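Let me begin by presenting the structure, written as structure tokens, before commenting on it.
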Amino acid sequence: MTRAAGLDRLAAFLAGAGADYAACRNTDRGPGHEPTTSALSPYLRRRLITEAEVAAAAEHAFGDGGAEKFVSEVFWRTYFKGHLETHPSAWTDYHALVARDRERLAAEPGLRRTYAAAVEGRTGIDGFDDWARDLVETGWLHNHARMWFASIWIFTLRLPWALGAAFFMDHLIDGDPASNTLSWRWVAGLHTRGKHYVARAENIRRYTEGRFDPVGLDEEPDALDEAMPPREVPLPRAEAAPAGDIALLLHLDDLHSESLPLGDARVVRVGGLLAHAPGASERVRAADAEAMADALRRAAARFGCEARPVEVGWSGDRPVVAAWAPVGPSADALPEDCIRVRRAWDETAWPRSTRGYSRLRSVIPAVLTA
């Protein structure tokens with residue numbers, strides 16, 4: 001999990017599946033086949049590569065028209081981050097639901113049996129069981145399979161959506177607090193109230209090219225509801241890095257220190273903060289650690305100073321500056337007195353991410369220019 005590996009993946013996508021992305025991206029051919037999506041999300045999640053450079057590379061390779069669908073999908077990740085940043089209770093409510101639902105597992109044998117069968121791939125539902133095992137064994141699922149899985153989990157198995165979201169966060173190599181939480185809410189019909197995603201057997205047959213043919217799916221469910229949707233709050237203001245010597249703090253939401261907006265600041269020390277998602281698998285933790293080690297090596301070369309994991313007194317008496325950490329484990333772990341700077345990409349896109357995606361989609365050209 002390094003920046004070099006991310007750039008190699010980007011080059012392979014642009015030279016291969018990228019040309020057919022719009023037509024083929026929904027097809028899941030399964031493990032062992034070249035993905036029909038970019039498979040860049042593990043690198044974008046940690047910003048080993050940035051959304052801006054991925055979008056620019058796609059437009060250079062395919063032109064504005066040819067890259068439009070792919071760039072729009074890149075912006076979904078940005079949209080979810082901006083939306084969670086302005087609706088942070090969606091994250092805290094999710095954690096409260098996970099705690100409550102785990103208490104239910106302990107108290108309700110029927111629910112516990114259904115949950116165990118689901119996460120162990122023993123439900124008997126064609127496709128679903130394969131995806132459960134693939135997730136645990138590889139840390140990866142095609143995006144369409146994630147939607148089918150979440151829908152079956154919620155509407156056919158009648159399992160709590162928050163436990164499914166936690167299962168994904170525990171195992172996905174690209175597990176992102178915003179994309180994962182809000183995608184599960186969207187499938188359930190909570191993100192856009194009353195508009196849910198229903199997994200249909202015909203759709204699964206078609207887009208797995210006949211590999212799976214599930215029976216017994218609930219294809220006419222009602223959307224979930226909640227008493228009070230997450231309340232919108234103003235986007236917190238970012239700060240500017242001070243001129244002079246600073247200590248730069250890297251975290252798992254932004255590991256491309258070379259492109260941070262640091263102005264006249266002079267980086268004299270670099271620290272790495274590893275804040276894993278609660279319950280993260282060993283595979284996810286290893287990917288996080290490898291990504292951080294790569295980022296520290298690059299930062300040491302870029303700034304010509306010491307770069308190592310944070311420990312007591314690592315910054316000396318210098319002001320600590322970090323890239324803005326969106327809602328999630330990194331944001332929770334940042335020191336309170338840390339100066340947080342925000343990239344132009346986020347500064348332009350996040351204020352347009354407070355409602356539905358269409359508002360952000362309409363200003364994509366402006367964000368790319370910024």
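The values are calculated or read from the model by the stated rules, or taken from the named source; none is laboratory data. Because the structure is a prediction, the values reported are computed rather than measured. Backbone-built Cβ (ideal geometry, glycine too); neighbour counts: all protein chains shown. Ligands, DNA and RNA are excluded from the accessible area calculation, which covers all protein heavy atoms including side chains. Shrake-Rupley method; radii C 1.70, N 1.55, O 1.52, S 1.80 Å.
Using each residue's phi in the range 354-370, evaluate 6.51 cos²θ - 1.76 cosθ + 1.60 at θ = phi - 60° and report the 3J(HN,Hα) Karplus result to the nearest Hz, with x for Gly and Pro.
7, 10, x, 5, 4, 5, 5, 4, 5, 10, 3, x, 5, 5, 4, 5, 5
At R0 = 35 Å, how high is the FRET efficiency between Glu108 and Arg29 if r is their beta carbon distance? Nearest 0.05 is fine. Can you show the working numbers first?
Numbers: r = 38 Å, r/R0 = 1.08.
Efficiency computed from Cβ-Cβ geometry: 0.40.
If I take every Cα pair under 8 Å that is 6 or more residues apart in the chain, average their sequence separation and divide by the length, what percent do I get for the relative contact order? Intermediate values should be presented prior to the final figure.
Values: 588 pairs, mean separation 73.4, N = 370.
That works out to 20 percent.
Could you give the length gained by full extension between Asp8 and Asp245, i.e. 0.36 nm per residue of separation minus their alpha carbon distance, to one decimal place?
Details: separation 237, 0.36 × 237 = 85.32 nm, distance 3.42 nm.
81.9 nm is the gain from fully extending Asp8 to Asp245.
Using the Karplus curve 6.51 cos²θ - 1.76 cosθ + 1.60 with θ = phi - 60°, what ³J(HN,Hα) values do you get for each residue of the range 134-145, in whole Hz, with x for Gly and Pro?
3J(HN,Hα) across the range 134-145, in whole Hz: 4, 4, 5, 7, 10, x, 8, 9, 4, 4, 5, 5.
Add -39500 (n - 2.57) for each DSSP H run of 4 or more in the chain, then divide by its residues: what number comes out at 222 nm, to the nearest 500 deg cm²/dmol? Could the numbers behind the result be given before it?
Working: 16 runs with 182 residues, N = 370.
Result for the chain: -15000 deg cm²/dmol, rounded to the nearest 500.
From largest accessible area down, sort His83, His251; use a 1.4 Å probe on the protein chains. It would help to have the intermediate numbers written out before the result.
Numbers: His83 20, His251 0 Å².
Heavy-atom accessible area, descending, gives His83, His251.
How far is the Cα center of the range 283-317 from the Cα center of the range 350-370, in Å?
32
Provide the solvent-accessible area of Phe62, counting protein heavy atoms only and rolling a 1.4 Å probe, rounded to the nearest 10 Å².
Approximately 60 Å² of Phe62 is accessible to the 1.4 Å probe.
Quick check: the distance between the Cα centres of the range 113-177 and the range 18-68, to the nearest angstrom?
The two parts, judged by their Cα centres, are 23 Å apart.
Any chance you could run the full-extension gain for Glu336 through Arg361? It's 0.36 nm times the residue separation minus the Cα-Cα distance, nm to one decimal. Write down the numbers at each step before the final one.
Working: separation 25, 0.36 × 25 = 9.00 nm, distance 3.36 nm.
Additional length available on full extension: 5.6 nm.
Under 5 Å between amide H atoms, partner at least 5 residues away or on a different chain: which partners does Val267 have, H built in plane at 1.01 Å?
Answer set, sorted by chain and number: Ile246.
Roughly what would the spin-label model give for Asn203 and Glu73, points 7 Å off Cα along C-beta, in nm?
1.6
Please calculate the 1.4 Å probe accessible area of Met228, with all protein chains present, and give it to the nearest 10 Å².
Taking all protein chains as shown, Met228 has close to 140 Å².
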